[in-house]
Each structure stands twice: as structure tokens, then as C-alpha cells.
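Accompanying notes for the structure given below.
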């Protein structure tokens, strides 16, 4: 299992229409092939400056790679991620043996 | 639900005895009052410099605060965290309504 997470901050103000548009588009990633246990999250620690998070799991690196290269994912990155996101950090986890 | 996570890098070399000592001590946090769904994780993305992660969930902020202030947790921070950890980032999540 690979858990792919990204914590991020948007350019748009809190509770704006742009924020809602972005979050609605992001939630559709849940339906992409290979994606399991998708979560839309609010980041609440005061020890960093990020406001939101996404978390999803893949059964294998192959499925993760296919998701990354999926044209619908590439389109999401172009149409939403690059336009709306001000800062982000990707963190991926696997169980520690 | 509050998911408390921390991603980190140790001072000690990969696969060292110190690394194993630290990870063994960290796993005992799973048994602290209030901690649910504890996970010891390996950080695998090449897009950041962290090597490990811990994830745990609390049913309420009160239980999270009690964990943070638990003398056994404070002792873990003093005896292990401050001595072994080179860099870290805390990220906390709640479900997005």
C-alpha cells in the first residue's frame, strides 16, 4: 500500500467561491482508476501554514504511476492545481516493516 | 476525529542501531491513552527530504491535549525526540465538511 498525500494552501481567500470550485474539482480525483480511501481534509495544526490536504491510497507503484499519468489527472493539474494552489508539499507513506 | 501526523528525518544513519532504538520507542506511543489508529510509516516521496512518519487519531481535541501533556509523552520528547530527530513537520487533519 502506498498512501499519497499532499498538504496545500490556496491562492484564493478562505470560504471563497474559487476555494469551493477547487475543492469540488479535487474531490473528483476519488473516482480516478486505482484511487482508494480518498480523503478531502482540513489542515488544523498551527505549526505549519497549510490549510487543506488530500490523501489517497494505491495498491501498487504501478497503479500510482498510472494515476499520475492519467490524462484526466494531467488536466486537473493544468486547469486547477497550477492555477489555484499557492504552496504545497507532497508526502507519501508506506507501512514501516 | 483529529489525525495528528508528523513527518521526520533522524540524525542517525539509515538502518543504524540508533534508528531502530528510536523507532521502537516511538511505536510505544500507540499505547498512550486516547491514541487510535497509530501507524509507523516510511516516507517514500522523492519530493521531500523526510524518511519516516507517525500518524495517530484522537476522538476529540480534549484527548489530543491530554496526550500532548501526558508525562510519558513529555518524557518521550525529552529522551528520544529532541535527541534523535534532525528535522520534522507536524500536520494535523480533520475531515473536510
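Points to keep in mind about this one:
- With each label modelled as a point 7 angstrom along the Cα→C-beta vector, the residue A:61-residue B:66 pair spans 4.3 nm.
- Helix A:17-27 and the longest principal axis of the Cα set of chain A meet at an angle near 10°.
- Contour excess over end-to-end distance, with Cα ends at residue B:21 and residue B:79 and 0.36 nm allotted per residue: 19.7 nm
- Relative contact order of chain A, defined on C-alpha pairs under 8 angstrom at six or more residues apart (%): 47
Where a number appears in this text, it was derived from the coordinates with a stated rule and is not lab data. Source: prediction; values computed, not measured. For neighbour counting, all protein chains shown are included, and Cβ atoms are generated from backbone atoms with ideal geometry for every residue, glycine included.
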